[in-house]
Amino acid sequence: MKTCFLKISQLPPQERGYAFEKFLHELFEAYDFNPKPSFRIQGEQIDGSIELDHEIYLLEAKWQSEAITQADILVLDGRVQGHSTIGRGIFITAGCFSPNGITAYQKLRPSSIFGIDGQDLYFIL
């Protein structure tokens, strides 16, 4: 899986995004997190979901060269809050979080979202 993760970086941006979603689905499947694929709801796209400790987490996955910003995190937070029966999310980036993204994360309600960056993924693999 580590080799697959590293090969994704060589793909063009749009292909890389789809490959990253597929990679994450396979990774979560390997760890029995009962992953669900991406889906669309009117006006929004959810990159998937997983089950962790009997709780559902909405996923946002991005593979981009720019750091994840406050605006990116707040979009996921809005989606999580909009699904009151879920109320939790995971933001996964192959890159990193910007300083203002980290500040935004720290201001969110406790445990509503957690982030995983590229370094975390590499260490997991």
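The values are calculated or read from the model by the stated rules, or taken from the named source; none is laboratory data. These numbers were taken from a predicted model, which means no experiment stands behind them. Note: ideal-geometry Cβ built from the backbone for every residue, glycine included; neighbour counts use all protein chains shown. Heavy atoms of the whole protein, side chains included, go into the accessibility calculation; ligands, DNA and RNA do not. Shrake-Rupley method; radii C 1.70, N 1.55, O 1.52, S 1.80 Å.
So, with a 1.4 angstrom probe, what is the percent of accessible area on the chain that is carbon and sulfur?
53 percent
According to the Kirkwood expression over distinct Cα-Cα pairs, how big is the hydrodynamic radius of the chain, in Å?
One over the average 1/r among Cα pairs gives 14.8 Å for the chain.
Can you tell me the relative contact order of the stretch 60-123? Whole percent, Cα pairs under 8 Å, sequence separation 6 or more.
Computed value for the stretch 60-123: 40 percent relative contact order.
Take each complete run of DSSP H in the chain, measure how far its Cα atoms stretch along the helix's own axis, and keep only those covering 24 Å or more with mean Kyte-Doolittle hydropathy at least 1.6; list them.
none
Using helices alone, I'd like the mean residue ellipticity at 222 nm for the chain: each DSSP H run of four-plus residues gives -39500 (n - 2.57), total over residue count, nearest 500.
Helix contribution divided over all residues of the chain: -13000 deg cm²/dmol.
Within the P(r) computed for the stretch 4-54, what percentage of the Cα pairs occupies the region above 16 Å?
Distances greater than 16 Å cover 48 percent of the Cα pairs.
Treating only the Cβ atoms of Lys and Arg (+1) and Asp and Glu (-1) as charged, compute the dipole magnitude of the stretch 38-125 about its Cα centre; round to the nearest 20 debye.
220 debye
Using a 1.4 angstrom probe, figure out how much accessible area the chain has per residue, in square angstrom, rounded to the nearest whole.
Dividing the accessible area of the chain by its residue count gives 59 Å².
For Q106 and K7, what is the calculated FRET efficiency with R₀ set at 25 Å and r taken between the beta-carbons, to the nearest 0.05?
Efficiency computed from Cβ-Cβ geometry: 0.15.
Label-point separation (nm) for Q14 and H83, each offset 7 Å from Cα along Cα-to-Cβ?
2.6 nm
For Q42 and Y122, FRET efficiency with R0 = 25 Å and r from the beta-carbon atoms, rounded to 0.05?
0.10
With no solvent and one equal point scatterer per Cα, compute the Debye intensity ratio I(q)/I(0) for the stretch 65-107 at 0.24, 0.28, 0.34 Å⁻¹ and report its log10, rounded to two decimals.
-0.80, -0.98, -1.19
Restricting to Cα pairs below 8 Å that are 6+ residues apart, what does the relative contact order work out to for the chain? Please round to a whole percent.
Normalised by residue count, the contact order of the chain is 19 percent.
Whole Å is fine, so just give me how far the alpha carbon centre of the stretch 35-49 lies from that of the stretch 62-124.
If we compute the Cα centre of each part, the gap is 16 Å.
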